[in-house]
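A.B. asks: For reference, the structure I am asking about is given below.
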Amino acid sequence: QVQLVESGGGLVQPGGSLRLSCAASGSTFSIGAMAWHRQGPGKQRELVASITRAGRTTYADSVKGRFTISRDNAKITVYLQLNSLNPEDTAAYYCYASSPLGNYWGRGTQVTVSA
């Protein structure tokens, strides 16, 4: 089993920045790719960014150039740097990890962008 705990969400003004963290514990040796998803009010959950163990990244078109995903394999932690935030980025952000043992989700951290 793998447990994922997100942190770093909060209230920020348009144009501001936040850094989200997701720490994994448990059977972390099995973790492969990790990712961040988000679910805004009245919207379906969507993939924001993903990163492989080797560090290859993908991004949703809506966040390219503004968000950066990274990971520390020694700490089994994945980060999401959110810059130039706008109200459309308001959502609960969820950490995700894949492994041969299963796919795991964190409980989410809320990001609210408002003046």
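A.B. asks: Can you tell me which residues in segment 7-52 are on the phi < 0 side of the Ramachandran plot, over 15 Å from the mean Cα position of the chain (by Cα) and free of Cβ contacts under 8 Å to residues at least 24 places away in the same chain?
C.D. replies: Scanning segment 7-52 gives PHE29, GLN44.
A.B. asks: I've got another one for you. Could you tell me which numbered condition ILE31 fails, if it satisfies all but one of (1) at pLDDT 95 or above; (2) buried (at least 17 other Cβ atoms within 10 Å of the Cβ)?
C.D. replies: Among (1) at pLDDT 95 or above; (2) buried (at least 17 other Cβ atoms within 10 Å of the Cβ), the lone unmet condition for ILE31 is (1).
A.B. asks: Identify all residues within segment 34-59 that are open to solvent by 30 Å² or more (accessible area, probe 1.4 Å) and of a type in the set (Lys, Arg); write none if there are none.
C.D. replies: Across segment 34-59, the qualifying residues are LYS43, ARG45, ARG53, ARG56.
A.B. asks: Can we say LEU20 is hydrophobic (A, V, I, L, M, F, W, C) and open to solvent by less than 20 Å² (accessible area, probe 1.4 Å)?
C.D. replies: Criteria met by LEU20.
A.B. asks: Next up: In the list ARG53, ARG45, ARG66, which residue meets the criterion of being under 19 Å from ALA91 (Cα atoms), charged (D, E, K, R) and out of contact with any Ser or Thr (no Cβ under 8 Å at 6 or more places or on another chain)? Steps first, answer last, please.
C.D. replies: Values: ARG53 fails: under 19 Å from ALA91 (Cα atoms); ARG66 fails: out of contact with any Ser or Thr (no Cβ under 8 Å at 6 or more places or on another chain).
Testing whether each residue is under 19 Å from ALA91 (Cα atoms), charged (D, E, K, R) and out of contact with any Ser or Thr (no Cβ under 8 Å at 6 or more places or on another chain) leaves just ARG45.
A.B. asks: What is the number of the single condition among (1) open to solvent by less than 60 Å² (accessible area, probe 1.4 Å); (2) under 20 Å from VAL2 (Cβ atoms); (3) free of Cβ contacts under 8 Å to residues at least 24 places away in the same chain; (4) touching a strand residue (DSSP E or B) at 6+ places or on another chain (Cβ under 7 Å) that ASP72 does not meet?
C.D. replies: (4) is the only condition that ASP72 fails.
The values are calculated or read from the model by the stated rules, or taken from the named source; none is laboratory data. In this text, all values refer to a predicted model and were calculated from it rather than measured experimentally. So basically every Cβ, Gly included, is an ideal-geometry build from the backbone, and we count neighbours across all protein chains shown. Just so you know, the surface numbers come from the protein's heavy atoms only, side chains and all, with ligands and any DNA or RNA stripped out. Shrake-Rupley method; radii C 1.70, N 1.55, O 1.52, S 1.80 Å.
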